Amino acid sequence: MGEQKNRLSKVIIVALIFFSALSTNLSPTAACPVHPNDDFSKATSLFHSGKFSECLEYVSTAIEDGILGERWRVLKLKTQLKLGKNADALKSLNAYLAEFDSSIQLRWIGVTIARNNNDTRRALKLIAEIDDNATRTWRYKDALNQATLAEFDLSRGVDPKTVINNRLTPYANKDAAIHIVFANIAIDKGDFQLAATQFRAALKLTPGNPDIHFGLAQSFGGSDTEKATEYLNTALRIDPNHIPSNLYLVEQKISEENYSDAVKNIDQILKINPTQPRSLAYRAVVAHLQNKPADEKKFRDLALSTWKSNPEVDHLIGEKLSQKYRFAEGAEYQRRALIYDRNYLPAKIQLAQDLLRLGKESEGWKLADEVYQSDGYNILAHNLVTLRSNITEFKTIAADGFVVRMSPREAEIYGDQVLALLSQAKKQLCKKYDFKVSKPIVVEIFPKQQDFAIRTFGLPGGAGFLGVCFGKVITMNSPSSQGATPTNWKSVLWHEFCHVVTLQKTKNKMPRWLSEGISVYEERLANPAWGQSMNAQFKQMILGPDLTPVSKLSGAFLQPKSAAHLQFAYYESSLAVQFLVEKHGPKVINRILVDLGLGMTINQALDRYTGSIKLLDKEFADYAKKLANEFAPGVEFKPPKISGPLNIQTAQKIVDKNPKNYFVLQQLAQLHIETQNFTAAKSVVDKMLKLHPEGDASHALLARIARETNDLALEKSSLQKFVAKNSDSYSSRLRLAQIAFEANQWDETMKQARESVAINPLLPAPHRLLAIAGEKTTRPEVIVAAMRALLQLDPIDPAQAHYQYAVALNAVGEKKQARRQVLKALEHAPRFIKAHQLLLKLGSRDSHQQQTDKTDSSKQRQNR
């Protein structure tokens, strides 16, 4: 009996040992034997704060002292990877897999360790083992293992929705890792709101993890700059060496062309891990942008030294180069990445975008299709595939080396004007900058803002952008996508074509400020009403804290404080170009562009012609402040601080005390107009004009007063002064056209009507005026263009419109088209006598043509 009890006790002890070991394998967070150094929270705190050497020593000591538990081994491997101790990590991995032979977590981190030791065969073996072990689902029911398997599944191309439903949602709020994986899926798919929700859930479980704070910074980067910066600063406060956060700063510095500070951030990371591949990839990017090909190769080779076939390295280099408009070089790097892994989708979709921006459309669309077939949840691919189907409905028109794609309706209305303006810009700007652009130049004009954004950026958004030029391709918002107050499309197109010239001349190697500055400057030269000019707001910004030195001007376009600050960045850049031309002569810009094309940095080029960059910063600041001080000297533009609403009595008291406050004078004039006291309003406007004769607001107010008081001459002169500096006021241009029309001034009518069309070609009124003016001056070509547009704008009397179009076509010798328009007129009004008479006048046609006309007419009746 005693012997049986001893045997039973031994069985129980063995069983307890077995199930204890099993439970350790099952759950990495399971309880471990108590040990003096068993403080895992201290270990993770050291890791999260970036104290990797201390963390490695602490964890290694604990393991040597007999601490059990898979989590300690995983943390040690992660720490060794952070320090770049790849060989040591491989030794540790081998030892720990002997202890935890069914571990998913060790194998998953082991894949990275094997690759970092250039052992791709071992990495594939570990992947196969994970695949095999994952079928034993009963072993991995805890949250941390499920998060690991979720990452593994995603890497294998499993449907993200399936991963979320099966791996993540059932384990919500059980471990931060679950929410981190979920959030990263959301970021990959462009759902930043969902990402923020998941990162916040993770933050509640692990508040000291800098990865979570950085994830929140990413989530808010496009919607709330202040909040994103706050989260980024928190991540860096927790871990000053946090790699993703520091690389985020590196991206900012590169965008600002602040390469020296970018290198400092990179070197900070490399002190911890000299072979950190992403950091070395960024170092190669900087070397490329500084035209140091030997350094570029050196840092790329170092980035690939631990894993020679790592596709992420070339993909990252290429992606960052493309963000700097080096699309050809970026595309080449994506091709290199795809040599290492032909199914690496990030490289494939980036290459698709690069090719589309380079005008290599057939290959670009094909790659986008391939990515979409491989990953139906890829947002970029889905957007591009959808966009392509929309673009196929566009009409293509071409002339003089330009290929323009527009909606068929808009192409009929103002397509010819688009081609004419492009040809004019090409003739003028190519001569000035001594450059012949490569053909063809593709211009795509989108009636839907969302389509423009997807074609341009890959994602919806970018509401502030009117057009973008990639060098050989221009994308642009049509007036129909801009609501009730569109921007002058001619000024936008001129601006973008100027980019074509300067980008091609420099091989896309120019800073943002110079590229935008030249385009805005050339707008002003082409038409003083285009582009930006000095105004009250810009004056205050120049004399205040917002003037940016030329050496840092590209940074002004990044995360501006407001829309006004972004507009000021464009204006200040154009002012810098204007200063260079006035100070150093008209040829200096051309010389700088040539140097940039040869590979010089902007500072090197500026040093050659302007002296030191430090001197240029000072001289430009003095120049800008002088112009600002000369603009409306002594005039007060700031609104006063008042409590309650501003009424006539309050405004008058303020003006009595401060008669130079232009803002209050403007408000007072508007208040008088609202009460129809036009005499008092004009008296106030006269004071405004005396203070600031060039003030737009005073001319606009005076035009309104003049119209209300039937002073046609004053209204006309006031409107002319207003539109001389404002290119986007459709109502003002149309009113000037109507005034000229009523005075039988037909040339002026046509001029102002055309300016109206340049703002909004999709309204019928200016086209009607053009048709009438063309008839009065016997200019049938004017009538043809006007009637073609009107027929696309749902004319009230379509029969009469087709008839007028036919008469004009006949007058310019287009008899075939004239006959068709007459037949269309008769379809709408079969008893239209004048149309019958015109048809007879057009004479007989050969039987084949008669049959064609009848067939066309029959088809149109059937369609209706």
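The values are calculated or read from the model by the stated rules, or taken from the named source; none is laboratory data. The structure displayed is predicted, hence computed values, not measured ones. A quick note on method: Cβ atoms are made from the backbone with ideal geometry, for glycine too, and the neighbour counts reach across all protein chains shown. To get the accessible areas, we keep the full protein, side chains included, count just its heavy atoms, and leave off ligands, DNA and RNA. Shrake-Rupley method; radii C 1.70, N 1.55, O 1.52, S 1.80 Å.
Please report the carbon-and-sulfur percent of the accessible area for the chain; probe 1.4 Å, protein heavy atoms only, DNA, RNA and ligands left out. Kindly include the intermediate steps, with their values, before the conclusion.
Working: 21140 of 40600 Å².
That share works out to 52 percent.
Which number do you get for Rg(Cα) / (2.2 N^0.38 Å) in region 755-830?
Ratio of Rg to 2.2 N^0.38 Å for region 755-830: 1.05.
How many times 2.2 N^0.38 Å is the alpha carbon radius of gyration of region 234-320? Please report the intermediate quantities before stating the final value.
Values: Rg = 12.2 Å, N = 87, 2.2 N^0.38 = 12.0 Å.
Against the compact-globule rule of thumb, the ratio is 1.02.
If amide hydrogens are placed 1.01 Å from N in the peptide plane, which non-local residues have theirs closer than 5 Å to the one on Val443?
Under 5 Å from the amide H of Val443 lie the amide H atoms of Val403, Val404, Arg405, Ile474, each far enough along the sequence or on another chain.
So what's the angle, to the nearest 10 degrees on a 0 to 90 scale, between helix 512-526 and the longest Cα principal axis of the chain?
Tilt of helix 512-526: around 10 degrees.
Stokes-Einstein D for region 426-510 at 25 °C, 0.890 mPa s, Kirkwood Rh over Cα pairs, in µm²/s?
On the way: Rh = 13.4 Å.
D, rounded to a whole number, is 183 µm²/s.
Express in Å², to the nearest 10, the accessible area of Glu630 obtained by rolling a 1.4 Å probe over the protein heavy atoms while all chains stay in place.
100
Students sometimes get this wrong: rank Trp108, Trp365 by accessible area, probe 1.4 Å, all chains present, largest first.
From most accessible down to least: Trp108, Trp365.
So if I restrict to the alpha-carbon atoms in region 123-183, what is the Rg, and what is Dmax, the biggest pairwise distance, in Å?
In Å, with Rg to one decimal and Dmax whole: 11.1, 33.
Specify the angular offset, from 0 to 90 degrees and rounded to the nearest 10, of the alpha carbon long axis of helix 259-270 from the longest principal axis of the alpha carbons in the chain.
For 259-270 against the chain, the angle is about 20 degrees.
May I ask for the angle, rounded to the nearest 10°, between helix 746-759 and the longest principal axis of the chain, with both axes built from Cα atoms and the value confined to 0 to 90°?
Roughly 10 degrees, rounded to the nearest 10.
Do the alpha carbons of any pairs in Lys320/Lys552; Lys552/Lys583; Lys264/Lys432; Lys141/Lys348; Lys507/Lys625; Lys614/Lys638 sit beyond 30 Å of each other, and which pairs? Before the final figure, lay out the partial values.
Values: Lys320/Lys552 19 Å; Lys552/Lys583 20 Å; Lys264/Lys432 40 Å; Lys141/Lys348 35 Å; Lys507/Lys625 34 Å; Lys614/Lys638 32 Å.
Going by Cα-Cα distance, Lys264/Lys432; Lys141/Lys348; Lys507/Lys625; Lys614/Lys638 fall outside the 30 Å limit.
When only Cα pairs under 8 Å and 6 or more residues apart are kept, what is the percent relative contact order across the chain? Don't jump to the answer; show the numbers that get you there.
Details: 1178 pairs, mean separation 49.8, N = 864.
Relative contact order here is 6 percent.
Where does region 132-286 land on the Kirkwood hydrodynamic radius, alpha-carbon pairs, in angstrom?
Details: mean 1/r = 0.0596 Å⁻¹.
Radius from the Kirkwood sum: 16.8 Å.
Write out the trypsin sites (Lys or Arg not before Pro) in region 623-662 meeting two conditions: DSSP loop, and at most 13 other Cβ atoms within 10 Å of their Cβ.
On the way: sites: Lys625, Lys626, Lys641, Lys653, Lys657, Lys660; in loops: Lys641, Lys660.
Qualifying residues, ordered by number: Lys641.
Order Ser223, Ser478 by their accessible area, 1.4 angstrom probe, all chains in place, largest first.
From most exposed to least exposed: Ser223, Ser478.
Just to make sure I understand: if all protein chains stay in place, what is the order of Arg167, Arg335 by accessible area at 1.4 Å, largest first?
Working: Arg167 45, Arg335 85 Å².
Correct descending sequence by accessible area is Arg335, Arg167.
Count the net charge of all other residues whose Cβ sits under 9 Å from the Cβ of Gly531, scoring Lys and Arg as +1 and Asp and Glu as -1.
Numbers: positive: Arg524; negative: Glu522, Glu523.
For residues surrounding Gly531, the net value is -1.
Normalised by the number of residues in region 84-208, what is the relative contact order in percent for Cα pairs under 8 Å and 6+ residues apart? Could you put the intermediate results ahead of the total?
Details: 117 pairs, mean separation 20.6, N = 125.
Reported relative contact order: 16 percent.
What do the square roots of 5 times the Cα gyration tensor eigenvalues come to for region 280-428, in whole Å, largest first, as semi-axes of the equivalent ellipsoid?
On the way: eigenvalues 253, 90, 16 Å².
Ellipsoid semi-axes (Å, largest first): 36, 21, 9.
Could you give me the radius of gyration and the Dmax of region 353-425, taking only the C-alpha atoms into account and expressing both in angstrom?
When restricted to Cα atoms, region 353-425 yields Rg and Dmax of 15.0, 45 Å.
If you take the beta carbon distance between Ser374 and Ile613 as r and set R0 to 56 Å, what does 1/(1 + (r/R0)^6) give as a FRET efficiency, to the nearest 0.05? Don't skip to the end; give the middle numbers.
Details: r = 47 Å, r/R0 = 0.85.
About 0.75, to the nearest 0.05.
Given Lys360/Lys448; Lys78/Lys271; Lys395/Lys816; Lys427/Lys505; Lys85/Lys271; Lys85/Lys308, which pairs have Cα atoms separated by over 19 Å? Don't skip to the answer; put the middle values down first.
Details: Lys360/Lys448 23 Å; Lys78/Lys271 17 Å; Lys395/Lys816 22 Å; Lys427/Lys505 15 Å; Lys85/Lys271 13 Å; Lys85/Lys308 17 Å.
Going by Cα-Cα distance, Lys360/Lys448; Lys395/Lys816 fall outside the 19 Å limit.
What number, in nm² with one decimal, is the all-direction average of the projected area of the convex hull of the alpha-carbon atoms of region 471-557? Don't jump to the answer; show the numbers that get you there.
On the way: hull surface 28.0 nm².
Average projection, Cα convex hull of region 471-557: 7.0 nm².
Label His828 and Phe457 with points 7 Å out from Cα along Cα→Cβ: what is the distance between them in nm?
4.1
Return the tail of the calculated pair distribution for region 694-819, meaning the percent of Cα-Cα pairs more than 25 Å apart.
Numbers: 2390 of 7875 pairs.
So the pairs more than 25 Å apart make up 30 percent of the total in region 694-819.
For the chain, divide the Cα radius of gyration by the Kirkwood radius and give the resulting Rg/Rh value with two decimals. Mind dumping the intermediate values first?
On the way: Rg = 34.6 Å, Rh = 32.3 Å.
Reported Rg/Rh, Kirkwood definition of Rh: 1.07.
Once you have all Cα-Cα distances for region 658-697, histogram them in 10 Å bins from zero and send the whole-percent values.
It works out to 34, 56, 9, in whole percents.
Starting from the Cα of Ala621, step 7 Å along the direction of its Cβ; do the same at Lys297; then give the gap between the two resulting points in nm.
4.3
In terms of Cα to Cα distance under 15 Å, which aspartates and glutamates are near enough to Lys690, apart from those fewer than 8 places away along the same chain?
Partners found: Glu636.
Measuring from the lowest to the highest alpha carbon on each principal axis, how far does region 513-664 reach, largest first, in angstroms?
Sorted from largest, the Cα extents of region 513-664 read 65, 30, 29 Å.
Just want to confirm a number: the relative contact order over region 206-359, from Cα pairs under 8 angstrom separated by 6+ residues, in percent.
Values: 192 pairs, mean separation 19.6, N = 154.
For region 206-359, the relative contact order is 13 percent.
Ignoring ligands and nucleic acids, what accessible area does Ser53 show with a 1.4 Å probe (Å², nearest 10)?
Accessible surface of Ser53 is approximately 80 Å².
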